[in-house]
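Read through the structure below, which is laid out as structure tokens, and then see the notes.
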Amino acid sequence: MKLRVSAALFGLGILLLVLAVGLPLYVAPAVTKLPYDLEPMTSVAEAKNARFLQITAEAETVTIEVPRADLRSTIEVVPQPGLTKDELPKALRGDAVIWDVYQTVRRTDNDRDITAYSTQLALYRVSGTAAPWEDQWLKQDDSDGTPLGNVEYSGLTYKFPFGAEKKDYPLFDRDLKKTFPVAFVGTETVEGIEVYRYEQQIEEQELYTPEESLQTLLGAFAPEATTGKVIYRNTRTYWVDPVTGIWIDARDQPRKELRPDIGPTTVLLDADFNYTEDTISSTVESVKKNRLQISLVRLWAPIAAAVLGLIALAVGLWLFFSAGGAAGRHSAGASVAGGPAATKVDQDPS
């Protein structure tokens, strides 16, 4: 019986040690990738007393103005597992996922939309960077009628890599449709989680504006001008969980100005968007859940499996030697007991 239990414990110990080695090597990589069945995510940011361009068409009257009001920006990320499976080219299958992303910016006082866009793109599952997918697209409905059209995404878009590092990354800017560095600037704590803070500074750049849209703006704000340009700049700040690469908090400070060749400069957009408290709290809960899953697979489960495996091996070996020693003592005792009895029987009765 002891030998059977010993063999079972020995086998269990080997299995647990194999599991301890296999979890970080084979299972951990799977939990540090964007899953195909990721639940849709929503983030909300608000800008207080923002200045923005609003074009209102009622009947035959078109009103172009730059009012002030509080704005709310809502971004919805909707993963597309079906498209990921069927539409990605062979070279990207297994390494990338397809996301649909929708953003709407609206006034909070009258709930009127100011701008909206939708896009479909492919992201690498580990790095979070945009994958080179030919079918990506971007559609925008601005109040000034400026379309962004098709796009070639590159760099980071909606998340940082799993295992983010203290270094600069290329981050895509949707208005200019190219990447600019987002620099690591320090470590902070948000609701008990240590995060990396990154900042992207985009200095003044001329924003492509179709001639028809430009003339509409000039007619409203600089009627004596013959030409002009729209200048854009932005400062973005991200508080990123380095384990999962998720933005726990974010700040976006865009500014756009119309600069005519004749006449004063007109501010078309000046806003300071910050994640709402509800968005931060929801993101923190998601990060804690994902961190726990990753740490279990990477560290605690392998440690537990290794410790239990060593205990099982030790107990199994002890039982094996214990069973072997008892059998040896029993055999020796039987030989000694049988010696005198045999001698007595063999004695001559006379």
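Can you give the relative contact order of region 35-275 as a percent, counting alpha carbon pairs under 8 Å and 6+ residues apart? It rounds to 16 percent for region 35-275.
Database remark: amide H of Val195 closer than 5 angstrom to the amide H of Glu188, Thr189, Val190 (H placed geometrically; neighbours at sequence offset of 5 or more, or on other chains; Pro and chain starts carry no H). Amide H to amide H, with H built 1.01 Å from N, Leu269 comes under 5 Å of Lys256, counting only residues 5 or more places away or on other chains. Mind scanning Lys33/Lys178; Lys48/Lys159; Lys139/Lys167; Lys33/Lys288; Lys178/Lys229; Lys177/Lys229 and naming the pairs with a C-alpha gap bigger than 22 Å? With Cα atoms farther than 22 Å apart: Lys33/Lys178; Lys48/Lys159; Lys139/Lys167. Distance between the 7 Å Cα→Cβ label points at Lys90 and Gln293: 3.1 nm. Treating r as the C-beta distance of Asp135 and Asp113 and R0 as 30 Å, the FRET efficiency rounds to 0.65. The calculated P(r) of region 48-162, using every Cα pair and 10 Å bins from 0, goes 13, 36, 26, 18, 7, 0 in percent. Close amide H pairs (under 5 Å, H built 1.01 Å from N) link Asp135 with no residue at least 5 positions away or on another chain.
Between Thr235 and Asp70, full extension at 0.36 nm per residue minus the direct alpha carbon distance yields a gain of 57.5 nm.
For region 270-285, 3J(HN,Hα) computed residue by residue from phi via the Karplus equation (6.51, -1.76, 1.60; θ = phi - 60°) reads 8, 9, 10, 8, 9, 4, 6, 4, 5, 5, 4, 4, 5, 5, 4, 4 Hz, glycine and proline entered as x.
Averaged over all directions, how much area does the convex hull of the C-alpha atoms of region 35-275 cover when projected, in nm²? Projected area, direction-averaged: 14.4 nm².
The distance between label points at Asp100 and Thr61 comes to 3.8 nm (points 7 Å beyond Cα on the Cα→Cβ vector).
Computed from the coordinates by the stated procedures, all read-outs in this text should not be read as laboratory data. Quantities reported herein were computed from a predicted structural model and do not represent experimental measurements. Here the Cβ is made from the backbone with ideal geometry for all residues, glycine too, and neighbour counts use every protein chain on show.
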